[in-house]
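Reading through the structure tokens given below for one structure.
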Amino acid sequence: MSDATLPPGLRAGGRFDAWEAPPIQWLACDADGTLLGPDDLVSDVVADAMQTTAARGIPVGIVTGRMRQGAERIHRRFPVPGPHVLHNGAEVRYDGTTLADWPLAPAAVQAILAIAADLDAYGELYTSDGFTITRDDESAEDHWRSLEQWPQGISTVDDPPTAPVLKATFVGFDDAESVRLHAAFADAGLTVGTATSMAHPERTYLNVTAPGVDKAHAITAVADHLGIELASVAMIGDGHNDLPALQIVGSAIAMGQAADDIIGAAHLVTATVTEDGVAVALRALGLLG
């Protein structure tokens, strides 16, 4: 496809030449930096665009590293059934029901807790109904407020969670800590997806899931459930944990503020989150009528 056929409002990403403008049968949107801006809110313009798309018969899903309860505030802005991807790919939900999940093995949970103890790292371990933390840290309270959930206790190697753990999220409060944590989890054979929040750009959130579990894994499962090809999926995202998904869908759309490697993996680039980039993309692709 040539630049002459680029939909108005969008610009070419690194893989634009491979884009074939397939019909979109499921719209998947990242949360932080895509649906949620620096104020940690979904704008009225974006919420209306998501609802309009869903009303036209195209399934719309939130695809996020957040837990179910942490995504509820987004869902209230456009209450659509999904399918939704949570826990960075470890759970798929549709219409209030879990379609599939891929929890961490107990041995992996023990390895994560051992790493947390060794590095004195702050992390959150998520089950289906909440989360525990690896140590008390007042600096994480703003994150709890964003999730609209408070921790249920502290987990250690000697006192791990009793319920299955879907995902662990660790906070790298600076670059050096993020690098140490990423290396430790990767060395343990776990999947690590990094994400950022526009509300706290100095932090890196490391989402730790079972081997092979990421947003791409879950999106593939959703496509199978819906009976559609991956070529018919559109994904909008801005973070490094979105990369695996952007690389497999038929319409990969990067937010305007995304890093160069995210834009390089995308077919198209929309406006920034503060410019309602999701709504700009949906309008340009003809999904708003």
Checklist entry - In region 154-180, how many are open to solvent by 40 Å² or more (accessible area, probe 1.4 Å), of a type outside the set (D, E, K, R) and under 22 Å from the mean Cα position of the chain (by Cα)? => result 3
Next on the checklist: Looking at the structure I just gave you, is S178 assigned to a helix (DSSP H, G or I), touching a residue at least 12 places away in the same chain (Cβ under 8 Å) and in contact with a Gly (Cβ under 7 Å, 6 or more places away or on another chain)?
Outcome noted: yes
Item to check | Hey, A21 of a type in the set (G, A, S), on the phi > 0 side of the Ramachandran plot and surrounded by fewer than 23 Cβ atoms within 10 Å (Cβ to Cβ) or not | outcome: yes
Checklist entry - Considering region 75-113 alone, what residues qualify as being on the phi < 0 side of the Ramachandran plot, of a type outside the set (A, V, I, L, M) and part of a helix (DSSP H, G or I)? => result H75, R76, R77, P106, Q110
Next on the checklist: Pull out all pairs, ordered by first then second residue, where Cβ-Cβ is under 6 Å, the residues are six or more apart or on different chains, the first lies in region 136-164 and is at positive phi, and the second is of a type outside the set (D, E, K, R).
Outcome noted: G153/T132
Checklist entry - Does T191 fit the bill of being in contact with a helix residue (DSSP H, G or I) (Cβ under 8 Å, 6 or more places away or on another chain) and polar (S, T, N, Q)? => result no
Checklist entry - Does T194 satisfy the criteria of being within 17 Å of the chain's Cα centre (by Cα) and either at pLDDT 95 or above or open to solvent by less than 70 Å² (accessible area, probe 1.4 Å) (or both)? => result yes
Checklist entry - Quick one: would you say L36 is open to solvent by 40 Å² or more (accessible area, probe 1.4 Å), under 14 Å from V278 (Cα atoms) and under 18 Å from the mean Cα position of the chain (by Cα)? => result no
Item to check | Every residue from region 44-100 that is over 17 Å from L282 (Cβ atoms), small (G, A, S) and touching a residue at least 24 places away in the same chain (Cβ under 8 Å) | outcome: G65, G70, A71, G89, A90, A100
Checklist entry - If you check A140, A223, which single one turns out to be out of contact with any Leu (no Cβ under 6 Å at 6 or more places or on another chain), closer than 26 Å to L36 by Cβ, open to solvent by less than 20 Å² (accessible area, probe 1.4 Å) and assigned to a helix (DSSP H, G or I)? => result A140
Next on the checklist: Any residue at all in region 271-280 that's open to solvent by 40 Å² or more (accessible area, probe 1.4 Å) and of a type outside the set (D, E)?
Outcome noted: yes
Checklist entry - Can you tell me which residues in region 262-289 are under 17 Å from the mean Cα position of the chain (by Cα), part of a helix (DSSP H, G or I) and not β-branched (V, I, T)? => result A265, G277
Next on the checklist: Could you tell me how many of the residues in region 123-143 are touching a Lys or Arg at 6+ places or on another chain (Cβ under 9 Å) and over 22 Å from P164 (Cβ atoms)?
Outcome noted: 1
Checklist outcome for this item: Flagged in region 227-255 as over 17 Å from the mean Cα position of the chain (by Cα) and either within 17 Å of V42 (Cβ to Cβ) or in a helix (DSSP H, G or I) (or both), in numbering order, are L230, A231, S232
Checklist outcome for this item: Taking region 120-134 and keeping only residues that are closer than 18 Å to D174 by Cα and open to solvent by 60 Å² or more (accessible area, probe 1.4 Å), one is left with D120
Item to check | Residue within region 53-61 that is within 18 Å of A221 (Cβ to Cβ), open to solvent by less than 10 Å² (accessible area, probe 1.4 Å) and either modelled with pLDDT of 95 or more or of a type outside the set (D, E) (or both) present | outcome: yes
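The values are calculated or read from the model by the stated rules, or taken from the named source; none is laboratory data. Because the structure is predicted, anything quoted here is derived from the model rather than measured. Virtual Cβ from ideal backbone geometry, glycine too; neighbours counted across all protein chains shown. When the accessible area is computed, the model is the full protein with side chains, heavy atoms only, and any ligands, DNA or RNA have been set aside. Shrake-Rupley method; radii C 1.70, N 1.55, O 1.52, S 1.80 Å.
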